[in-house]
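So the structure is just underneath, and the comments pick up after that.
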Amino acid sequence: MSESKRPNRRDFLSGRAVAKRAQEAANQAADELAVPSARRPPAYLMHVARTAMACEFEVLLNAGEHPEGPDVALQALDLVDRLEDQLTVYRAHSEVSRLNARAATEEVVVEDGLFELLSLAMELSRETGGAFDITSGPLSKVWGFYRRAGRLPTDDDLATALQQVGYRQIELNDERRSVRFLRPGLEINLGAIGKGYALDRCVDLLEAGGVTSFLLHGGTSSIVGRGSRAGLLEEETGWIVALKHALRPEQKLAEIRLRNRALGTSGSGSQFFFHQGKRYGHILDPRTGRPAEQVISSTVLAPNAALADALATAFYVMSVEETAEFCARHAEIGALLVVPGAKTGAVRVERFNLADNDVRLETQPTPSSGT
C-alpha cells in the first residue's frame with residue numbers, strides 16, 4: 001500500500017484532508033478483508049460558528065465536498081452580524097430602532113430587504129388572525145420579558161400596553177418602500193422572525209457561492225437544511241435533526257428529516273417566572289396580552305426559515321383547531337404540536353401535513369387528530 005501524502009494547510013481547512021483519510025481507511029479495510037463493502041465512508045462534517053443575535057449561528061458542511069465552503073460560510077456569518085446590527089431593538093443606531101423612533105411622526109423609507117420582511121410579517125399577521133404580531137413589544141416590556149426579568153403587570157398596565165399593540169396600525173407603501181405608524185407609541189420587534197430571515201439570507205449567499213449541501217442553524221431552534229449529509233443511503237437523503245421533549249429536555253421527542261426545508265420551534269422552557277405558584281411563559285398572545293397556555297411546544301416545517309420561525313410562534317399562541325385550519329389552507333406548511341395530555345405530566349402530539357418519512361416519534365404519545 002502506498003504512503004499517504006501529507007495534507008497541506010488549505011486541504012486541512014477545507015476538509016479535503018479529513019475526507020481523503022476517511023476514504024483511504026475505507027479502501028484499506030476493504031483490501032485487507034478482501035470482501036466488498038456496501039457501506040460508504042463516514043460522513044465527516046465541518047463546523048463554522050459564530051455568536052450573534054444572542055445565540056450561536058453554525059454552518060455544517062460535508063468535509064471536502066465544497067472546497068470554497070468554509071470561506072463562503074464565514075461570509076454568511078459576517079452577513080448575520082450586519083443583519084443583527086440592522087434588525088435589533090437593543091442598539092439605538094439600528095435601522096429598526098430608528099424606524100421606531102420616527103415612524104409615528106413621519107413616513108420612513110427603509111432598506112429593501114427590511115421592507116420585504118415587514119411585508120411578510122403583515123401577511124402572516126393577517127393569516128393568523130393576529131396571533132403573530134411584530135408590534136407586541138410593549139407587552140413583553142410590561143411583563144418584564146424584554147429585559148429577562150419577568151413580573152406580573154397590573155390590569156391597568158396591561159390595558160395600556162394593549163392599546164399600543166396592533167399590526168393594523170402599520171402602513172406600508174410598496175411604491176416608496178416606506179413605513180408609517182398610525183398610532184403614537186407603536187413599535188416593532190422582529191425577534192420572532194428576524195433570526196429566520198437572517199438564515200434565509202445566509203442560504204442565498206451560500207447557494208450563490210456554489211455550496212449546495214449544508215445544515216445551518218441559529219441557536220438550534222431555527223434550522224435550514226439544503227442538499228444532504230454525505231454518506232446517507234439514497235432513501236435517507238436530507239439532514240436528520242433531533243427534537244427534544246418539551247417537558248423532559250434530556251429525552252428526544254422525535255427525529256425530523258429536513259430536505260430543502262426549514263424548521264422553527266417555539267416554547268417557553270427557557271424564559272418564564274412563577275407568581276403565587278403559577279407559571280408564566282414569555283410567549284404572549286398579542287390578542288389578549290397574556291402568556292399563551294394551550295400549547296407546550298410548536299415545531300413548524302416550511303419552505304424558508306422566516307416562515308418557520310414566525311409560524312412556530314403563531315402556532316404556540318393559537319389553539320390546535322386554529323393551527324389545523326391554517327395547515328389545511330397551506331399544504332406546504334407542516335406542524336408538530338405538543339399539548340397537555342389527559343393526565344398530569346402527560347403530553348399529546350398533534351401532526352399536520354407531515355409525512356411518515358418526515359418525522360419519527362421517539363415516544364408513544366396519545367394518538368393525534370391531525371394528518
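Throughout, read-outs are computed from the coordinates displayed, never taken from laboratory work. It should be emphasised that the depicted structure is a prediction, and the values quoted were computed from it without experimental measurement. Here the Cβ positions follow ideal geometry from the backbone for every residue, glycine too, while neighbour counts run over all protein chains shown.
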Notebook entry, point to check: Taking the Cα-to-Cβ direction at D157 and at K343 and moving 7 Å from each Cα, how far apart do the two end points lie in nm?
Noted result: 4.0
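What full-extension length gain, to one decimal in nm, is calculated for D81 and A355 as 0.36 nm per residue of separation minus the Cα-Cα distance?
Values: separation 274, 0.36 × 274 = 98.64 nm, distance 3.59 nm.
95.1 nm is the gain from fully extending D81 to A355.
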Check: Restricting attention to the alpha-carbon atoms of the range 240-371, what are Rg (one decimal) and Dmax (integer), both in Å?
Finding: 14.2, 46
Check: When a footprinting reagent is the concern and you count Cβ atoms within 10 Å, what order do I188, I193 take, fewest first?
Finding: I188, I193
Check: HN-Hα J couplings of the range 85-102 from phi, Karplus 6.51/-1.76/1.60, θ = phi - 60°, integer Hz, Gly and Pro as x?
Finding: 5, 7, 9, 5, 9, 9, 10, 5, 8, 5, 5, 5, 4, 5, 5, 4, 6, 10
Next item on the list: Could you tell me the distance between the Cα centroids of the range 70-109 and the range 255-318, to the nearest Å?
Entry: 24
Next item on the list: Take D81, D204 and order them by how many other Cβ atoms sit within 10 Å, fewest up front.
Entry: D204, D81
Note to self: Using a 7 Å offset from Cα along Cα-Cβ at L120, what residues in the range 322-337 end up with backbone N under 15 Å from the label point?
What the structure shows: 333
Note to self: Quick check: from the Cα gyration tensor, does the range 137-234 come out rounded (a/c under 1.5), prolate or oblate?
What the structure shows: oblate
Note to self: Give me the net charge for the shell around E116: Cβ to Cβ below 12 angstrom, other residues only, Lys and Arg +1, Asp and Glu -1.
What the structure shows: -3
Check: How far apart, in nm, are two points set 7 Å out from the Cα along the Cα-to-Cβ line at D112 and at C55?
Finding: 2.8
Checklist line | Residues of the range 311-353 with amide N under 18 Å of the 7 Å Cα→Cβ point at A242 | finding: none
Notebook entry, point to check: Contour minus end-to-end for E171 and A331, with contour as 0.36 nm per residue of separation and end-to-end as the Cα-Cα distance?
Noted result: 54.7 nm
Note to self: Net charge within 14 Å of V339 by Cβ-Cβ distance, Lys/Arg positive one each and Asp/Glu negative one each, not counting V339 itself?
What the structure shows: -1
Item checked: Whole-Hz couplings from phi, Karplus 6.51/-1.76/1.60, listed for the range 285-293; x for Gly and Pro -> 7, x, 7, 10, x, 10, x, 5, 9
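Quick one: order T265, T160 by neighbouring beta-carbon count within 10 Å, fewest to most.
Working: T265 24, T160 14.
The most exposed by this proxy come first: T160, T265.
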